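K.L.:
Take this structure, written in structure tokens, and hold onto it; I'll ask about it next.
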Amino acid sequence: KLDVEGMEKEVIEGAVSFLQNCSDVRIIYEHFCPGEDPVFNLLNGLGQFHFEDLDPVNRLAVKKLN
């Protein structure tokens, strides 16, 4: 669970190598904006992720196994 006060994108940018090389990843992050989601865009550039809204502010991203 990422709870980094709006710095989710920056945390993921710092974990690019890990996220690209790990085949079983689950990330829960806060998502407030109904429009553009920079975390969604960033994660999809690092692998094939499935996204699910858990509640109005938390989103689950699961990297599909290769």
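The values are calculated or read from the model by the stated rules, or taken from the named source; none is laboratory data. Here the structure is a predicted model, which means the values were calculated and not measured. Glycine gets a Cβ as well: all are built from the backbone with ideal geometry, and neighbour counts include every protein chain shown. The accessibility values were calculated without ligands, DNA or RNA, using every heavy atom of the protein model including side chains. Shrake-Rupley method; radii C 1.70, N 1.55, O 1.52, S 1.80 Å.
K.L.:
Which loop GluC sites (Glu not before Pro) in the range 1-31, with loop taken from DSSP, have no more than 15 other Cβ atoms within 10 angstrom of their Cβ? Could you put the intermediate results ahead of the total?
P.N.:
Working: sites: GLU5, GLU8, GLU10, GLU13, GLU30; in loops: GLU5.
Answer in residue order: GLU5.
K.L.:
Let me check against my output: what whole-number percent is the relative contact order of the chain, with C-alpha pairs under 8 Å and at least 6 apart? Don't skip to the answer; put the middle values down first.
P.N.:
On the way: 85 pairs, mean separation 24.8, N = 66.
Computed over the chain, the figure is 38 percent.
K.L.:
With every protein chain left in place, what is the accessible area of ASP24 in Å² (1.4 Å probe, nearest 10)?
P.N.:
Roll a 1.4 Å probe over it and ASP24 shows about 80 Å².
K.L.:
Determine one quarter of the surface area of the Cα convex hull of the chain, which equals its mean projected area, and express it in nm² to one decimal.
P.N.:
Hull-based average projected area comes out at 4.1 nm².
K.L.:
So which trypsin sites (Lys or Arg not before Pro) in the chain pass both tests, a DSSP loop state and at most 11 other Cβ atoms within 10 Å of the Cβ?
P.N.:
LYS1, LYS64
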